[in-house]
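Let me begin by presenting the structure, written as structure tokens, before commenting on it.
The values are calculated or read from the model by the stated rules, or taken from the named source; none is laboratory data. Not measured: the values here are computed from a predicted model. Reconstructed Cβ throughout: ideal geometry from the backbone, glycine too, with neighbour counts over all protein chains shown. The accessibility values were calculated without ligands, DNA or RNA, using every heavy atom of the protein model including side chains. Shrake-Rupley method; radii C 1.70, N 1.55, O 1.52, S 1.80 Å.
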Amino acid sequence: MKKIINSILAFVTLFSVTSCDLDLAPETAIRPEDAYTMEYCEGVRGYIYVDLKALLSGAFYMTPDLYVDVVNVCVGSGNQGFYPFNWYLYPTSSEVLSFWSSYYTTVMHINYAIRHMDAAYEYLTPDEQKKVDVYKGEMYFFRAYVMHRAALLFCEDYEPAKAADQLGLPYPKEWDPEAKLARGTLAKLYENVEADLKEAEKTVTTQGTATDQIYLTKDAITAFRAELALYLHQYSEASQYAQSLYSTYPLVRTAEGIERMWREDTSTENILQLEVLRTTMTTVNSFGDYLNSSWMPELNVFYYAPIYVPEQHIVDLFDASDIRTDVFLAKDANVQIGTQSGVGYLLNKFRGNTNFQTNTTTLVYRNRPKMFRVAQMYLIDAEAQYRLNGGGLDPLNQLRTARGLTALMTSDVTGTVVINKGSKAEQTINKLLKAIQDECGRELLAEGTRLYDLKRWGQGFQRNINTKLGALVDKQSFMQEMVQESSSPKFVWPIPQRELTQNPNFGSQNQGYL
């Protein structure tokens, strides 16, 4: 046991490696007698929650959206986002390595936390051991969650009939910085996810309430199971898991409620929302690139110099009756980039929590990460029912009407519609599926899901330029109106070359990057 403790203490300094600009290393070395305490177990648990906050904010949302068809790049960007926006990602790209390292560093932290808790267990009181059992359950859950997030980016969409042959990812279950694991199959990866979830469910038994839960609950695990089941084509289970959360987490039905959800981070919809305070807001990454605001006191208005602006088809999803519109989009925003100016729509969802501001004229661009919320469950339910039997109109309408939109009639969603018309990505799809997809575009705007949705739907995309701010879109990039077919292998990101070089057991590179 003492050898285990000593090896863990030797690892403490590695905790300075993390997924954003956070210094997680303790200021001084941890003495062995301190490592046996409940306080230290709570500390390593806290590190993981910090890691998760970083993974659910800033570039971890913006870059996948930039990669597909959510935003255009503006003039004056200084080539920021140039490579993912133009699909110039390679195994040596910094963005690829950054995402990969962030996910696997977090998993390494999780495995360290589990190992430490195991080592300290015999030194704790019975009551402390019960708490640590719950903390370990959280760690198993977060490992499953992070590995799923990594698979969404670095693996193909899961196909049940092919999963045993589809390429997966290494799934570290022990803290071993020198491990050289094979990537295995996608089926095996999700077998490991399921095993971790079962471990989590043994001890994480707090049900959850609609009070902005900040720690993992049984309901949050259910929400993740709903999401997983949809991705794994387990549609009946996805629908059941999603519906089981409706009554506990009522949908917001007023504009004031939507504003509180995103400007104060409080809502009955939040199944799990990680804690952030004004004093700790740098534990989440900034969304400033969507606004880059400057207050003009002589005019009493904000001016903006965004790096990215929403594409026109995104703007067109919203109308005046939608209670989300004025919160998610900044209408008639004054934009000034260098000598060029314009007035139009900007992404406003992550303007920031007003309680984090020290004054009313300096925006913070940070929110408490909403890991799971009930609106996602209605979307999961709708899509799952559609895949099962062509249904899904009822959960779709429940979300639509809560947001101020009219309910759709069966006749409105009967038949087919052409998407990406006139391009090589043109497809004909069911009108109900299109309505569900449009609602995903509205509700989940700027939350980094669009790339993964397109992969799951088997659809390509066609970008189009923000009409009112077209003069401010960088015309030097020929990719502003990019078209990508669903068959492109580059919907899956490459494995970093460093991983392939340093791990001889890894296996094959993803298709399209050889």
(request) Pop the C-beta distance of residue 92 and residue 178 into the FRET formula with R0 = 22 Å and round what comes out to the nearest 0.05. (result) 0.40
(request) Using only alpha carbon pairs under 8 Å that are at least six residues apart, calculate the relative contact order of the stretch 204-301 and give it in whole percent. (result) 32
(message) Given the DSSP H assignment, sum -39500 (n - 2.57) over each helix run of at least 4 residues in the chain and divide by its residue total; what's the result at 222 nm in deg cm²/dmol, nearest 500?
(response) -12500 deg cm²/dmol
(message) Looking at the chain only, what percent of DSSP beta bridges run antiparallel? Nearest 5 please.
(response) 95
(request) Would you please give the residues with an amide H less than 5 Å from that of residue 348, counting only those at least 5 places away or on a separate chain, with H modeled from the backbone geometry? (result) 329, 330
(request) Work out the length of the dipole vector of the stretch 408-456 about its Cα centre, built from +1 on the beta-carbon of each Lys and Arg and -1 on the beta-carbon of each Asp and Glu, and round it to the nearest 20 debye. (result) 240
(request) Note down the Stokes-Einstein diffusion coefficient of the stretch 135-253 in µm²/s, whole number, using a Kirkwood radius over alpha carbon pairs, 10 °C, and 1.306 mPa s. (result) 103
(request) Towards the positive end of the charge dipole of the chain, with charges on Cβ (+1 Lys, Arg; -1 Asp, Glu), say which of 386, 102, 43 has the farthest Cα. (result) 386
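Tell me whether the stretch 348-492 comes out rounded, prolate or oblate; compute the Cα gyration tensor, take square roots of the eigenvalues as a ≥ b ≥ c, and use a/c under 1.5 as the rounded threshold.
Taking the square roots of the gyration eigenvalues as a ≥ b ≥ c, the stretch 348-492 is oblate.
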(request) Report the accessible area of residue 42, computed with a 1.4 Å probe over the heavy atoms of all protein chains in place, in Å² rounded to the nearest 10. (result) 80
(request) Tell me which residues come under 5 Å, amide H to amide H, from residue 267 once H is placed; ignore anything under 5 positions away on its chain. (result) 212
(message) For the chain, take every pair of Cα atoms, bin their distances at 10 Å starting from 0, and report each bin as a whole percent.
(response) 4, 18, 29, 28, 16, 5, 1
(request) Measure nothing but the geometry: give the 0 to 90° angle between the long axis through the Cα atoms of 2-11 and the longest principal axis through the Cα atoms of the chain, rounded to 10°. (result) 30
(request) Go through the stretch 271-288 residue by residue and turn each phi into a ³J(HN,Hα) via Karplus (6.51, -1.76, 1.60, θ = phi - 60°); whole Hz please, and just put x for glycine and proline. (result) 7, 8, 10, 5, 6, 9, 10, 4, 6, 10, 5, 6, 6, 10, 7, 7, 10, x
(request) Using +1 at the Cβ of each Lys and Arg and -1 at the Cβ of each Asp and Glu in the chain, identify which of 454, 336, 58 lies farthest towards the dipole's positive end. (result) 454
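Taking the Cα centre of the chain as origin and charging only Cβ (+1 Lys, Arg; -1 Asp, Glu), how large is the dipole, in debye to the nearest 20?
The calculation lands at about 480 debye.
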(message) In the chain, if the dipole is taken from +1 on Lys/Arg beta carbons and -1 on Asp/Glu beta carbons about the Cα centre, which of 345, 171, 365 is farthest to the positive end?
(response) 345
(message) If I take every Cα pair under 8 Å that is 6 or more residues apart in the chain, average their sequence separation and divide by the length, what percent do I get for the relative contact order?
(response) 19
(request) Give the value in nm², to one decimal: projected area of the alpha carbon convex hull of the stretch 329-399, averaged over all directions. (result) 7.8
(request) State log₁₀ I(q)/I(0) for the stretch 406-514 at q = 0.15 Å⁻¹ as given by the Debye formula over alpha-carbon point scatterers of equal weight, solvent excluded. (result) -0.87
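Please give the charge dipole size of the stretch 95-180, origin at the Cα centre, charges +1 on K and R Cβ atoms and -1 on D and E Cβ atoms. Round to the nearest 20 debye.
Charge dipole, the stretch 95-180, about its Cα centre: 60 debye, nearest 20.
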(message) Beyond a 25 Å Cα-Cα separation, which of these cross-linked pairs lie in this structure: 53/431; 136/162; 331/431; 136/218; 421/490; 131/198?
(response) 53/431; 136/162; 331/431
(request) Label the stretch 253-302 by shape, choosing from rounded, prolate and oblate, from the square roots a ≥ b ≥ c of the eigenvalues of the Cα gyration tensor; if a/c is under 1.5 it is rounded, and otherwise prolate applies when a/b is larger than b/c, oblate when it is not. (result) oblate
(request) Within the set of other residues whose C-beta is less than 15 Å from the C-beta of residue 304, count the net charge using Lys and Arg as +1 and Asp and Glu as -1. (result) +2
(request) Would you tell me the accessible area of residue 173, worked out with a 1.4 angstrom probe on the heavy atoms of the protein chains, in Å² to the nearest 10? (result) 90
(request) Provide the per-residue ³J(HN,Hα) series for the stretch 345-357, in order, calculated from phi with Karplus coefficients 6.51, -1.76, 1.60 and θ = phi - 60°, each as a whole number of Hz, with x at glycine and proline positions. (result) 8, 10, 6, 10, 4, 9, 4, x, 6, 5, 6, 8, 6
(request) Assuming R0 = 25 Å, can you tell me the calculated FRET efficiency for the pair residue 456 and residue 165, based on Cβ-Cβ distance, to the nearest 0.05? (result) 0.85
(message) Suppose we keep just the DSSP beta bridges with both residues in the stretch 281-435; what percent of those would be antiparallel, to 5?
(response) 90
(request) At 7 Å along the Cα-to-beta-carbon direction for both residue 426 and residue 127, put a label point, then send me their distance in nm to one decimal. (result) 7.1
(request) Give me the distance between the Cα centres of the stretch 111-137 and the stretch 215-271, rounded to whole Å. (result) 29
(message) Can you compute the FRET efficiency between residue 513 and residue 486 using 1/(1 + (r/R0)^6), with r the Cβ-Cβ distance and R0 = 22 Å? Round to the nearest 0.05.
(response) 0.75
(message) Would the stretch 260-338 count as rounded, prolate or oblate if I go by the C-alpha gyration tensor, calling it rounded below 1.5 in a/c and otherwise prolate when a/b exceeds b/c, oblate otherwise?
(response) oblate
(request) Over the stretch 381-420, give the accessible area per residue in Å² for a 1.4 Å probe, as an integer. (result) 44
(request) Step through the residues of the stretch 117-134 one at a time and calculate ³J(HN,Hα) from phi using the Karplus curve (6.51 cos²θ - 1.76 cosθ + 1.60, θ = phi - 60°), rounding each to whole Hz and writing x for Gly and Pro. (result) 4, 4, 5, 7, 3, 5, 8, 9, 6, x, 5, 5, 4, 4, 5, 5, 4, 5
